[in-house]
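Down below is the structure, laid out as structure tokens.
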Amino acid sequence: MRSLARQLISHLCRGDIVIILLVIGLAAASTLVFWPTASDTAAGPAYVLLRSLAAGGGNEIILEIALPAEETHVVEGAEATLVVEVSGYRARVFEADCPDQICVTTGWLTRPGHRSVCVPNRMVLEMVSSGDSDVDDLDAIIR
């Protein structure tokens, strides 16, 4: 085994070693950049919101659930029915009657800012942190 490692190292030139070290350095740096910090996880999401987006640009909060919670809600939308499941500090659209099922395949929402959108129903399920000052504002509505 030791002789195999020496044979491999003996066939590497300086450029190969530099490239290997750069790849290892980039991997370590990306791990540090994307590693969750205490501020990301300490406060945690305070509640889950289910919003209905009106065609005129307004929105209405249909559900507001404080976390942690163990709840399941059936919500009638514009085009289909959504089943929203909340378990502990996470939430998801468990089931929907819409044709594309994107809201269902999004999976569990676990951090503030995560969203699951059901376009046919014009509904957004999102995690909201207790630090959010105005939960009624949306960034954009696309028609």
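When region 74-130 is filtered for residues that are closer than 23 Å to residue 54 by Cβ, part of a strand (DSSP E or B), of a type outside the set (Gly, Ala, Ser) and in contact (Cβ under 8 Å) with a residue 24 or more places away in the chain, the ones remaining, listed by number, are 75, 82, 84, 93, 109, 118, 123, 124, 125, 126, 127, 128.
State which residue is modelled with the lowest pLDDT when the search covers only region 113-130 and only residues that are within 21 Å of residue 35 (Cα to Cα) and either surrounded by 19 or more Cβ atoms within 10 Å (Cβ to Cβ) or within 8 Å of the chain's Cα centre (by Cα) (or both).
Of region 113-130, the ones within 21 Å of residue 35 (Cα to Cα) are 113-115, 127-129.
Subsequent filtering for residues that are either surrounded by 19 or more Cβ atoms within 10 Å (Cβ to Cβ) or within 8 Å of the chain's Cα centre (by Cα) (or both) retains 113-115, 127.
Working: 113: 86, 114: 90, 115: 93, 127: 91.
Taking the candidates together, the pick is 113.
Among (1) modelled with pLDDT under 90; (2) surrounded by 12 or more Cβ atoms within 10 Å (Cβ to Cβ); (3) under 17 Å from the mean Cα position of the chain (by Cα), there is one condition residue 86 misses while meeting the rest; what is its number? Status for residue 86: all satisfied but (1).
The values are calculated or read from the model by the stated rules, or taken from the named source; none is laboratory data. Predicted model, so just to flag it, every value in this text is computed and none were measured. Using ideal geometry, Cβ is built from the backbone for each residue, glycine included, and neighbour counts are taken over all protein chains shown.
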